[in-house]
Amino acid sequence: SRYRPDWDSLDARPLPAWFDQAKVGVFVHWGVFSVPAWGSEWFWWHWQGERRPDYQRFVQRRYPPDTTYADFAPRFTAHDFQPREWAQLFQRAGARYVVLTTKHHEGFTNWGSPVSWNWNSLDTGPHRDLVGELGQALRESNIRYGLYHSLLEWFNPLYLADKESGFKTQNFVLKKTMPELYDLVLKYKPDLIWSDGDWEAPESYWNSTSFLAWLYNDSPVKDTVVVNDRWCNNCSCHHGGYYNCADKYKPGTLPTHKWEMCSSIDKLSWGYRSDMNISELMDEASIIEELVQTVSFGGNYLLNVGPTKEGVIVPIFQERLLALGRWLDTNGEAIYESKPWRVQMENSTDTVWYTSKGPVVYAIFLIWPQDSVLELSSPTPSPATQVTMLGFAGTLKWQESPGKGLLITLPYMLPSPLPPQSGWTVKLEGVK
């Protein structure tokens, strides 16, 4: 049966299973905004759209008079971009999928878009097909490939004219947005399309439902492709494939619909900033905490890095990604392919979170209990209950708790002046 170009039909499409199983992804924000590398990836908008004094001062101090945003493009060189090294890093980080910015709201495309003359990575800047090169490297590493694409472009004259008409004309959509989306799908056959830039205009302007009907019915990725929910100004959290709802969204209770939490190691920006400070970055413990909470609530976790204009993922971002990967090497069994349990967190505290696989329940605790006894009141033990800890050999002693649940004696940890790393998993078999 074919999907119709309306939300009732499109929303009924089952989500390809790979996405829910993957759980962990890496987001990459990379573009001409990586050249000024200051403030955020919204640099052009803050500088020319809002004319913010701090951005204007920044350009006056660092660049020749009369500098335009277009002048940054030749400096977006990607000289040090090694796609295979990126893929290896993302694999070691435990990512099962990677989402690359093919085009942000600035309109510059990271591939040779036939409708973005001279404002793309083949004609200027790197003179390389960044989208294609990373895709090939990821596929060699067996990592799923997602493409981020902004529907709108802040300063595109066609878009501004359509906006002026109250979105009654569609020249920008017909000549720019849609040709690019079809081109990306046919050329790169992505596993995921991460749409954005949807908020100013209705679905009737974007033609999103027609594109999605083609994507699900006739495209080369019709059976495997996954999309998010940013396809029109009231689509978020209502229509599309899985839901993003909002950047850094945290639901607080178990949603009924598959969702994804996107977060950034740099808490103040998605693109690279040369002026970032260590205190503005997420540490290992907060990354693991976000991941665990997200997966307990049935979500996927998409963690962002912003490479430099040369194509370097700076060492502090690499360090954070590798720390996540090491944690997943030990605890991934409780994350990948898991499902939410009947309880998401231990009721007295938000430091113990649950996931499950069939009859097996995983309790992930973020703080090591002082007396090395972990109290869990939610699981109901039985005579057959067996408790182990991921990363430790042998079974753990447990007893029934006087109230309800069980008390688990954890392995002895050597005393250390440093607090132990964050997050351990006990595996519970034979509990209800």
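Being assigned by the TED database to the domain that holds Asn300, open to solvent by less than 10 Å² (accessible area, probe 1.4 Å), within 17 Å of the chain's Cα centre (by Cα) and not acidic (Asp, Glu) narrows it down to one residue among Ser195, Ser208; which is it? Spell out how you get there, then give the answer.
On the way: Ser208 fails: within 17 Å of the chain's Cα centre (by Cα).
Checking each option against the conditions leaves just Ser195.
Just to be sure, is Leu254 hydrophobic (A, V, I, L, M, F, W, C), part of a loop (DSSP other than H, G, I, E, B), open to solvent by 60 Å² or more (accessible area, probe 1.4 Å) and touching a Gly at 6+ places or on another chain (Cβ under 8 Å)? Talk me through it step by step, then tell me what you get.
Details: hydrophobic (A, V, I, L, M, F, W, C): yes; part of a loop (DSSP other than H, G, I, E, B): yes; open to solvent by 60 Å² or more (accessible area, probe 1.4 Å): yes; touching a Gly at 6+ places or on another chain (Cβ under 8 Å): yes.
Yes: the conditions hold for Leu254.
Can you pull out every residue in the stretch 335-388 that is under 13 Å from Leu410 (Cβ atoms), touching a strand residue (DSSP E or B) at 6+ places or on another chain (Cβ under 6 Å) and either of a type in the set (Gly, Ala, Ser) or surrounded by fewer than 21 Cβ atoms within 10 Å (Cβ to Cβ) (or both)?
The answer is Ala363, Val373, Glu375, Thr388.
On the basis of being surrounded by fewer than 21 Cβ atoms within 10 Å (Cβ to Cβ), more than 19 Å from Val173 (Cβ to Cβ) and not polar (S, T, N, Q), does Ala246 make the cut? Walk me through it before giving the result.
Values: surrounded by fewer than 21 Cβ atoms within 10 Å (Cβ to Cβ): yes; more than 19 Å from Val173 (Cβ to Cβ): yes; not polar (S, T, N, Q): yes.
So Ala246 fits the description; yes.
If a residue must be open to solvent by 10 Å² or more (accessible area, probe 1.4 Å) and within 15 Å of Ala93 (Cβ to Cβ), how many such residues does the stretch 290-306 contain?
Looking only at that region, the number is 1.
Which numbered condition trips up Gln399, out of (1) open to solvent by less than 30 Å² (accessible area, probe 1.4 Å); (2) at pLDDT 95 or above; (3) more than 35 Å from the chain's Cα centre (by Cα)?
(1)
Please note which strands (runs of 3 or more DSSP E) are completely contained in the stretch 361-416 and include at least 1 residues that are on the phi > 0 side of the Ramachandran plot and without any contact (Cβ under 8 Å) to a residue 24 or more places away in the chain. Before you say what the answer is, go through the steps one by one.
Values: elements: 373-376, 386-389, 398-400, 406-409.
Because the criterion is at least 1 residues that are on the phi > 0 side of the Ramachandran plot and without any contact (Cβ under 8 Å) to a residue 24 or more places away in the chain, no strands (runs of 3 or more DSSP E) in the stretch 361-416 meet it.
Tell me which of these Glu200 doesn't satisfy, since it passes every other one: (1) in contact (Cβ under 8 Å) with a residue 60 or more places away in the chain; (2) under 21 Å from Cys262 (Cβ atoms); (3) of a type outside the set (Ser, Thr, Tyr).
(1)
Which members of the stretch 72-106 meet the condition of being part of a helix (DSSP H, G or I) and not basic (Lys, Arg)? If you could, list the steps in order and put the result at the bottom.
From the stretch 72-106, those part of a helix (DSSP H, G or I) are 72-75, 83-92; that's our starting set.
Listed by number, the residues that qualify are Phe72, Ala73, Pro74, Pro83, Glu85, Trp86, Ala87, Gln88, Leu89, Phe90, Gln91.
Looking only at the stretch 175-188, decide whether some residue is open to solvent by 10 Å² or more (accessible area, probe 1.4 Å) and part of a loop (DSSP other than H, G, I, E, B).
no
When both residues are 6+ apart or on different chains and their Cβ atoms are under 8 Å apart, which pairs have a first residue that lies in the stretch 12-29 and is under 18 Å from Val221 (Cα atoms), and a second that is assigned to a helix (DSSP H, G or I) and open to solvent by less than 20 Å² (accessible area, probe 1.4 Å)?
Close Cβ pairs (under 8 Å, with a partner that is assigned to a helix (DSSP H, G or I) and open to solvent by less than 20 Å² (accessible area, probe 1.4 Å)) amount to Arg13/Tyr216.
May I ask you to list pairs of residues, at least six apart or on different chains, whose Cβ atoms are under 7 Å apart, with the first in the stretch 168-180 being in contact (Cβ under 8 Å) with a residue 60 or more places away in the chain and the second being in a helix (DSSP H, G or I)?
Lys175/Leu158; Lys176/Leu158
Yes or no, residue by residue, for (1) within 26 Å of Ala17 (Cβ to Cβ); (2) without any contact (Cβ under 8 Å) to a residue 60 or more places away in the chain; (3) outside the structural domain of His104 (by the TED database):
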{"position": "Lys222", "(1), (2), (3)": "yes, yes, no"}
{"position": "Cys237", "(1), (2), (3)": "yes, yes, no"}
{"position": "Gly240", "(1), (2), (3)": "yes, no, no"}
{"position": "Ser263", "(1), (2), (3)": "yes, yes, no"}
{"position": "Lys267", "(1), (2), (3)": "no, yes, no"}
{"position": "Arg273", "(1), (2), (3)": "no, no, no"}
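Restricting to the stretch 107-123, count the residues that are part of a loop (DSSP other than H, G, I, E, B), open to solvent by less than 10 Å² (accessible area, probe 1.4 Å) and of a type outside the set (Gly, Ala, Ser).
Our first condition is that a residue be part of a loop (DSSP other than H, G, I, E, B); within the stretch 107-123, this holds for 107-108, 110-119, 121-123.
Add one more test, that the residue is open to solvent by less than 10 Å² (accessible area, probe 1.4 Å), and what stays is 107-108, 110-111, 113, 116, 121.
Okay, now just the ones that are also of a type outside the set (Gly, Ala, Ser), so 108, 110-111.
Residues meeting the conditions: 3.
For (1) among the hydroxyl-bearing types (Ser, Thr, Tyr); (2) farther than 26 Å from Asp329 by Cβ; (3) in contact with a Lys or Arg (Cβ under 9 Å, 6 or more places away or on another chain), each residue gets a yes or a no:
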| position | (1), (2), (3) |
| --- | --- |
| Thr380 | yes, yes, yes |
| Thr385 | yes, yes, no |
| Gly391 | no, no, no |
| Thr395 | yes, no, no |
| Pro402 | no, yes, no |
| Pro411 | no, no, no |
| Ser422 | yes, no, no |
| Leu428 | no, no, no |
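Report yes if Asp229 is within 22 Å of Asn110 (Cα to Cα), of a type outside the set (Val, Ile, Thr) and open to solvent by less than 20 Å² (accessible area, probe 1.4 Å), otherwise no. If you could, list the steps in order and put the result at the bottom.
Numbers: within 22 Å of Asn110 (Cα to Cα): no; of a type outside the set (Val, Ile, Thr): yes; open to solvent by less than 20 Å² (accessible area, probe 1.4 Å): yes.
No; evaluated as a whole, the condition is false for this residue.
Scanning the stretch 146-174 for residues that are polar (S, T, N, Q) and not in a strand (DSSP E or B), which turns out most open to solvent (accessible area, probe 1.4 Å)?
Of the stretch 146-174, the ones polar (S, T, N, Q) are 150, 156, 165, 169-171.
When the remaining residues are screened for being not in a strand (DSSP E or B), the result is 156, 165, 169-171.
On the way: Asn156: 26, Ser165: 42, Thr169: 54, Gln170: 50, Asn171: 70 Å².
Of everything passing the filter in the stretch 146-174, Asn171 is most open to solvent (accessible area, probe 1.4 Å).
The values are calculated or read from the model by the stated rules, or taken from the named source; none is laboratory data. Everything numeric in this text was worked out from a predicted model, so none of it was measured. Every residue, glycine among them, receives a Cβ derived from its backbone with ideal geometry; neighbour counts consider all protein chains shown. To get the accessible areas, we keep the full protein, side chains included, count just its heavy atoms, and leave off ligands, DNA and RNA. Shrake-Rupley method; radii C 1.70, N 1.55, O 1.52, S 1.80 Å.
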